[in-house]
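Note sheet for the following structure.
The values are calculated or read from the model by the stated rules, or taken from the named source; none is laboratory data. Remember, predicted model here, so these are calculated numbers, not experimental data. Heads up, the Cβs are rebuilt from the backbone with ideal geometry, glycines too, and the neighbour counts pull from every protein chain shown.
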Number of protein chains: 2
Amino acid sequence: MGTLDLGPLLQDNGSKIILFVWDGVGGLTSGPNGETELQAAKTPNADRLVAANVCGRLEPVYPGVTPGSGPGHLGLFGYDPLEYRIGRGALEAVGVGFDLEPKDVAARLNLCTLDDEGRITDRRAGRIPNAEAKPVVEKLAAAIREVDGVEVLWSPVKEHRALMVLRGEGLGDGVEDTDPQRTGVAPLEPQVIEETASNRRTAEVAGKVLRQAREVLRGEAKARGVLARGFAKRPHWPTMAERFGVKAAVVAGTPMYRGVAKLVGMEALPATNDMEKDVASVAANWDAYDFFFLHYKHTDMAGEDGDFGAKVKAIEEADGALPALERLGPDVLIVTADHSTPSAMKAHSWHPVPVLLAAKTSRRDAAERFDEIACIGGELGLRPSIHLMPLALAHAGRLAKFGA
Amino acid sequence: MGTLDLGPLLQDNGSKIILFVWDGVGGLTSGPNGETELQAAKTPNADRLVAANVCGRLEPVYPGVTPGSGPGHLGLFGYDPLEYRIGRGALEAVGVGFDLEPKDVAARLNLCTLDDEGRITDRRAGRIPNAEAKPVVEKLAAAIREVDGVEVLWSPVKEHRALMVLRGEGLGDGVEDTDPQRTGVAPLEPQVIEETASNRRTAEVAGKVLRQAREVLRGEAKARGVLARGFAKRPHWPTMAERFGVKAAVVAGTPMYRGVAKLVGMEALPATNDMEKDVASVAANWDAYDFFFLHYKHTDMAGEDGDFGAKVKAIEEADGALPALERLGPDVLIVTADHSTPSAMKAHSWHPVPVLLAAKTSRRDAAERFDEIACIGGELGLRPSIHLMPLALAHAGRLAKFGA
């Protein structure tokens with residue numbers, strides 16, 4: 001089956017869709033009684049919705065492929081993660097909530113250790129902790145603000161990781177990494193990937209910035225230099241309004257998810273990672289949008305921590321938010337995840353995620369419980385995540401017939 | 001997963017396949033006891049076949065996409081509807097059973113209302129009823145038979161819709177619509193999409209025809225002009241014989257289905273939309289073909305009418321035809337649909353359709369009933385409709401091994 005441009009089929013009937021993402025909710029059958037976190041949790045609301053509607057399973061990116069948060073969400077938004085790729089620098093900016101402007105070029109930095117001859121001795125500066133890394137990045141930000149008319153912006157990310165953004169006219173992002181991927185040699189000079197005036201300008205400015213950074217950091221013990229990777233501009237993709245005809249909003253307390261949603265044109269509403277307040281934020285903006293992406297983070301965090309019990313509790317908290325969402329009267333209410341984060345693995349995984357879809361046009365299946373196993377028997381079957389948006393639009397009455 | 005050209009694998013073993021389409025048979029769980037029309041119907045024959053063979057579900061065109069009758073059937077014939085598209089004019093010809101010749105260019109017409117200055121006041125002539133529209137089209141047909149050596153053929157379709165066919169040598173179909181898509185302005189002159197001699201000739205002839213039509217209709221109250229859309233030639237596709245090695249025939253009492261089947265090279269056998277006679281038509285031609293597409297229309301009609309009970313009855317009638325088909329001894333007998341037409345929606349829908357496949361090589365599943373929910377658990381799984389033909393050929397013993 002190829003792909004279909006839904007554009008010619010779109011019709012705006014004023015209907016509303018809620019996509020409620022329980023981040024990383026999928027688990028393994030690893031509980032004390034051989035159950036998943038979802039099976040162990042009491043989820044009366046999700047179970048009631050499944051019993052009266054349809055469920056199934058989504059495969060986020062590709063069989064066997066574990067998604068990062070970006071690709072996992074892009075699939076749910078109907079953007080094939082294999083096609084819509086974000087350069088490393090731009091993704092780092094999204095992750096820290098840095099709003100890239102169209103003229104910006106972002107790069108991911110690693111703080112690194114250099115010897116007195118300028119050769120790399122540790123590519124990650126001894127995995128310097130946040131508390132030590134932050135002042136280093138602040139020192140760089142104070143010392144290097146502008147080079148050759150290009151503004152230079154800095155942000156710590158985590159441990160040895162940082163973000164550098166070059167802001168100026170005429171910058172290209174076709175520039176090679178300066179990390180030689182080994183120790184004992186000096187960092188590479190930024191080289192253009194393709195010879196254009198804008199790539200050349202970025203390479204020259206970046207070269208000066210990185211040399212100046214070495215001067216600024218000369219007195220440091222661990223972080224005596226920086227390596228730059230993944231020079232990238234913000235991608236410019238068609239928005240959800242353009243592709244699917246919906247005015248979309250995101251309620252997500254964590255910058256990464258808000259950032260990915262903004263890349264597909266969603267507007268960011270107030271969000272706190274407090275379930276009750278975030279549902280209230282959806283309610284307060286109900287009339288202004290067609291599509292709401294509500295993100296719940298704690299399921300994923302508990303999974304990453306390997307805490308089965310905490311994940312069960314987080315699921316129950318998310319389930320408790322469903323009645324308030326139902327009271328808003330959405331035409332389509334979806335609960336699913338961007339990927340699995342089994343607490344038994346303490347990490348994201350490739351396993352399919354359960355999905356429930358509540359709508360008047362549901363062809364009710366036999367499933368009566370919202371969990372990974374019950375959803376195997378669901379009417380929606382097992383599908384790539386990118387199938388979700390067309391199904392949501394169909395159940396919302398937003399797709400006209402194809403052909404006569 | 002890419003697509004595979006089955007050509008090199010085809011082997012002709014003289015086996016026979018029946019594809020019995022219960023048009024629009026899929027429904028919603030909307031009956032008095034929360035059941036679908038198929039669940040409510042008594043289908044002892046289909047249930048017996050499911051219990052002894054395999055079932056599953058087909059997704060006709062694309063997730064969430066509601067198929068028209070053309071795309072819905074093309075998928076079942078193994079032609080990807082996203083790839084095999086029919087121009088609007090040609091599809092309109094198919095729908096009224098007009099056999100387009102290779103040199104013909106067809107356009108869909110809308111009768112429209114014009115004011116005294118020739119500006120459109122109603123793009124659909126007040127949705128003029130059939131009884132009023134037909135004499136208007138006949139008037140056009142009588143008055144405009146030939147322009148510049150090109151034969152002009154006319155046919156009413158439904159209400160304000162009509163078909164115009166230009167028949168002559170050297171005509172192209174690269175011509176823009178003349179419908180400006182708004183009122184208050186004059187119809188557009190036909191413009192070539194790409195400047196070629198054949199497109200130019202079509203545009204010039206069509207321009208003259210449409211001006212003459214305005215003269216002919218000057219005295220009419222509502223239908224005082226025509227707008228032309230979707231200039232198109234008959235598509236020339238590889239036949240089922242070429243693609244799948246089967247000599248195929250269609251038994252369908254409704255022009256649209258017969259027309260689509262002819263586009264993929266099926267030969268039309270006598271058909272009446274009377275179940276018993278149509279089965280007899282298959283039987284009378286049993287020796288002459290490898291593949292029979294038998295179409296049953298009444299399930300779809302009852303669904304479109306929103307008549308749950310009538311759809312149940314229609315299903316039972318179709319089920320009653322199965323023993324006579326089984327007695328012919330087909331190697332593969334398939335029952336499925338081109339799309340769902342839930343009576344609760346009074347329209348086609350995107351929901352998957354159940355499919356049963358009876359063959360000696362069935363790997364029997366646990367399903368024991370032919371309905372949308374039982375088929376979730378079927379051995380064939382949930383698949384795009386275009387997977388059906390390769391499976392049918394395999395069960396018919398018509399596909400050799402791939403690779404050594």
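Scanning region A:233-250 for residues that are over 30 Å from A:ALA107 (Cβ atoms), of a type in the set (A, V, I, L, M, F, W, C) and either touching a Pro at 6+ places or on another chain (Cβ under 9 Å) or touching a residue at least 60 places away in the same chain (Cβ under 8 Å) (or both) yields A:PHE244, A:VAL246. Being within 14 Å of chain B (Cβ to nearest Cβ) and over 19 Å from B:VAL65 (Cα atoms) is a description that does not apply to A:ALA344. For region B:269-278, the set of residues classified as surrounded by fewer than 19 Cβ atoms within 10 Å (Cβ to Cβ) and in contact (Cβ under 8 Å) with a residue 12 or more places away in the chain consists of B:PRO270, B:THR272, B:ASN273, B:ASP274, B:GLU276, listed by residue number. Scanning region B:280-325 for residues that are within 21 Å of B:PHE370 (Cα to Cα), surrounded by fewer than 19 Cβ atoms within 10 Å (Cβ to Cβ), acidic (Asp, Glu) and in contact (Cβ under 8 Å) with a residue 60 or more places away in the chain turns up just one, B:GLU316.
Take the residues of region A:155-175 that are within 15 Å of A:ALA223 (Cβ to Cβ) and among the basic types (Lys, Arg): which is surrounded by the most Cβ atoms within 10 Å (Cβ to Cβ)? Here the answer is A:ARG161. Against the numbered list (1) surrounded by fewer than 17 Cβ atoms within 10 Å (Cβ to Cβ); (2) outside any loop (DSSP other than H, G, I, E, B), A:GLY118 comes up short only at (2). Just one of the listed residues (A:ARG243, A:ARG258) is buried (at least 18 other Cβ atoms within 10 Å of the Cβ) and either of a type in the set (Phe, Trp, Tyr) or at pLDDT below 95 (or both), namely A:ARG258.
When region B:345-356 is filtered for residues that are assigned to a loop (DSSP other than H, G, I, E, B) and in contact with a strand residue (DSSP E or B) (Cβ under 6 Å, 6 or more places away or on another chain), the ones remaining, listed by number, are B:HIS351, B:PRO352. Scanning region B:272-310 for residues that are among the hydrophobic types (A, V, I, L, M, F, W, C) and over 18 Å from the mean Cα position of the chain (by Cα) yields B:MET275, B:VAL279, B:ALA280, B:VAL282, B:ALA283, B:ALA284, B:TRP286, B:ALA288, B:PHE308, B:ALA310. Taken together, the residues in region A:129-146 that are farther than 20 Å from A:ASP177 by Cβ, in a loop (DSSP other than H, G, I, E, B) and in contact (Cβ under 8 Å) with a residue 12 or more places away in the chain amount to 1. Among the residues of region B:176-197, those identified as free of Cβ contacts under 8 Å to residues at least 60 places away in the same chain and buried (at least 18 other Cβ atoms within 10 Å of the Cβ) are B:ASP177, B:THR178, B:PRO190, B:VAL192. May I ask you to list the residues in region A:335-393 that are closer than 21 Å to A:PHE308 by Cβ and of a type in the set (Asp, Glu)? Passing the criteria: A:ASP338, A:ASP371, A:GLU372.
Total residues in region A:195-221 satisfying the condition of being under 21 Å from A:ILE86 (Cβ atoms) and either of a type in the set (A, V, I, L, M) or at pLDDT below 95 (or both): the figure is 1.
Scanning region A:191-210 for residues that are assigned to a helix (DSSP H, G or I), polar (S, T, N, Q) and out of contact with any Leu (no Cβ under 7 Å at 6 or more places or on another chain) gives a single hit, A:ASN199. Kindly check whether there is at least one residue in region B:25-34 that is at pLDDT 95 or above, in contact with a Phe, Trp or Tyr (Cβ under 7 Å, 6 or more places away or on another chain), surrounded by 20 or more Cβ atoms within 10 Å (Cβ to Cβ) and of a type in the set (A, V, I, L, M, F, W, C). So far as region B:25-34 goes, no, none of its residues is at pLDDT 95 or above, in contact with a Phe, Trp or Tyr (Cβ under 7 Å, 6 or more places away or on another chain), surrounded by 20 or more Cβ atoms within 10 Å (Cβ to Cβ) and of a type in the set (A, V, I, L, M, F, W, C). Residues that are more than 8 Å from chain B (Cβ to nearest Cβ), part of a strand (DSSP E or B) and more than 21 Å from the chain's Cα centre (by Cα) within region A:357-404 comprise A:LEU357, A:ALA358, listed in sequence order. Taken together, A:LEU153, A:LEU166 contain a single residue that is in contact with a helix residue (DSSP H, G or I) (Cβ under 7 Å, 6 or more places away or on another chain), closer than 23 Å to A:GLU138 by Cα and either touching a residue at least 24 places away in the same chain (Cβ under 8 Å) or not in a helix (DSSP H, G or I) (or both), which is A:LEU166.
The residues of region B:134-161 that are at pLDDT below 95 and of a type in the set (A, V, I, L, M, F, W, C) amount to a single one, B:VAL157. Sub-6 Å Cβ pairs linking a first residue in region B:85-99 that is more than 9 Å from every other protein chain (Cβ to nearest Cβ) to a second residue that is of a type in the set (Lys, Arg), at least 6 apart or interchain, are B:GLY89/B:ARG108; B:ALA90/B:ARG234, ordered by first then second residue.
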